[in-house]
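Working notes for the structure below.
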Amino acid sequence: MQTRENMTYITVPRISYETAARAVALAMEVGAKHGIRPVVTVADPSMTVVAYGMADGATPHSAETSTRKAKTSASTGKPSSELPEPLAVALPLGTGGTLTRIAGGLPLVFDGVHVGGLGVAGGPPAVDLAVATETLALLGADRTEA
């Protein structure tokens, strides 16, 4: 066991590019089946974007929204819609708009290990959430309740 005195670094699980790119591709397919032109972002727990995709004809504001959803779920380990009500305004303001409470962001967890967040935008929040949920199932990620 390491003690604090000799700990010079830590390791943080992070989603691989291969898995992140597969998540984006799957979400694009699922989104099309749901009748939306999705924008999909995968971020790691440090809120760094690992993979991103934008369907032809997607709305420009969906790009920012999907990224905020992914970063919210990646950094908190919770669905983006589950930011606590008292923090719903404070966190977005305090992070320069980086975090959001809009549904459609889900944490990426495999075998109980949180490795990032998936953000889907392009439709109504309920549809974005449905696309994200279906994508996680197809990807083989642990089930996340939103």
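Computed from the coordinates by the stated procedures, all read-outs in this text should not be read as laboratory data. If you're wondering where the values come from, they're calculated on a predicted model, not measured in any experiment. Backbone-built Cβ (ideal geometry, glycine too); neighbour counts: all protein chains shown.
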**OP:** Could you please give the count of residues in the stretch 51-92 that are more than 13 Å from the chain's Cα centre (by Cα), among the polar types (S, T, N, Q) and assigned to a helix (DSSP H, G or I)?
**Re:** 1
Original post:
Can you tell me which of Asp128, Asp111 is of a type in the set (D, E, K, R) and touching a Lys or Arg at 6+ places or on another chain (Cβ under 8 Å)?
Top reply: Asp128
Subject >> From the options Val30, Val40, Val24, residue that is among the β-branched types (Val, Ile, Thr), assigned to a strand (DSSP E or B) and either surrounded by 17 or more Cβ atoms within 10 Å (Cβ to Cβ) or without any contact (Cβ under 8 Å) to a residue 24 or more places away in the chain (or both) >> reply: Val40
Original post:
Quick one: Gly77 ticks every box in (1) touching a residue at least 12 places away in the same chain (Cβ under 8 Å); (2) surrounded by fewer than 22 Cβ atoms within 10 Å (Cβ to Cβ); (3) more than 20 Å from Arg143 (Cβ to Cβ) bar one, so which box is it?
Top reply: (3)
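Residue-wise test of (1) among the hydroxyl-bearing types (Ser, Thr, Tyr); (2) under 23 Å from Pro13 (Cβ atoms); (3) out of contact with any Gly (no Cβ under 7 Å at 6 or more places or on another chain).
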site	(1), (2), (3)
Pro79	no, yes, no
Glu82	no, yes, yes
Glu85	no, no, yes
Gly112	no, yes, yes
Subject >> Selection within the stretch 119-146 - touching a strand residue (DSSP E or B) at 6+ places or on another chain (Cβ under 6 Å) and either of a type in the set (Ser, Thr, Tyr) or in a loop (DSSP other than H, G, I, E, B) (or both) >> reply: Gly122, Ala141, Asp142, Thr144
**OP:** Taking Gly104 as the residue in question, decide whether it is surrounded by 23 or more Cβ atoms within 10 Å (Cβ to Cβ), in contact with a strand residue (DSSP E or B) (Cβ under 7 Å, 6 or more places away or on another chain) and either at positive phi or not hydroxyl-bearing (Ser, Thr, Tyr) (or both).
**Re:** yes
